[in-house]
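The values are calculated or read from the model by the stated rules, or taken from the named source; none is laboratory data. Owing to the predicted nature of the structure, the values given are computational and were not obtained by experimental measurement. Methodologically, a virtual Cβ is constructed for each residue, glycine included, from the backbone with ideal geometry; neighbour enumeration extends over all protein chains shown.
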Amino acid sequence: AITGITLLAGFASTVCWPISGWLNAEFGWRATCLTWAGAHLLLGLPLNRLLIPVGVQPAPSAAEQAQTDGLSGAGLTMALLAFVFAATWFTSTAMAAHLPRLLQESGLSAAAAIGIAALVGPAQVGARCLEFVLLQRFHPLISARLAAIAHPIGAAGVMLVGAPATTAFVLLHGGGNGILTIAKGTLPLAIFGPHGYGLRQGLLMVPARFAQAFSPLVFALLIDDFGTRALWLSAALGVLAYAALTFLQRRAHGLA
């Protein structure tokens, strides 16, 4: 179900990067930002409001909430998952904000950078189809590990080779990001079960929201100073996320 909900959304960058490029060329960056802000308010907000259930769930009792928190014996797992989500959302948001500019830093023209950046969408959808058809047979930790290491591999190619490696980088990043978007929902469910899923998910995503808020500014400053070498940060975060997921998988086997 989570894969199905996010499947077509993977094409957002394929559609919106060219639109953003055209709006910026014709009307400037301020009008472009205001256009997307208006889309959020006039389209996104009403659609989300329509999806809110009519009935309101009762608040959990103190005993249920303590059981939901599950911090006894699960604190390390919670902390590692929170780190993985924060690290990967930092990179995802940074790329969503700066990918065309980053590709230009490798030597591509603006038009070529936007065209290659638009490949993120098909890569995300392709990876989600793979997740739905093949990888769902395995524990989500396996697919999450593969997804976490995809960005560092692609980033290494860009930093070593430059423009010739940009297409592979975008496809790897897009594929990894597409699976990680699903893993953010499936991993807590697979590890902790459905009881208290909403509350636990909210707690896990708090660090990710802060990382998401700061990443566009941080990555813009890094690109200003270091160009494509800014990818060292996102690649390092991906490697650390991979290491954390590997530890969680081995820990899960040890507890089984």
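Examine segment 201-223 for a residue that is part of a helix (DSSP H, G or I), surrounded by 17 or more Cβ atoms within 10 Å (Cβ to Cβ), in contact with an Asp or Glu (Cβ under 9 Å, 6 or more places away or on another chain) and at pLDDT 95 or above, and state whether such a residue exists.
yes
Does Ile191 qualify as being at pLDDT below 95 and among the hydrophobic types (A, V, I, L, M, F, W, C)? It would help to see each step written out before you state the result.
Details: at pLDDT below 95: yes; among the hydrophobic types (A, V, I, L, M, F, W, C): yes.
Considered against the rule, which asks whether it is at pLDDT below 95 and among the hydrophobic types (A, V, I, L, M, F, W, C), Ile191 comes out as yes.
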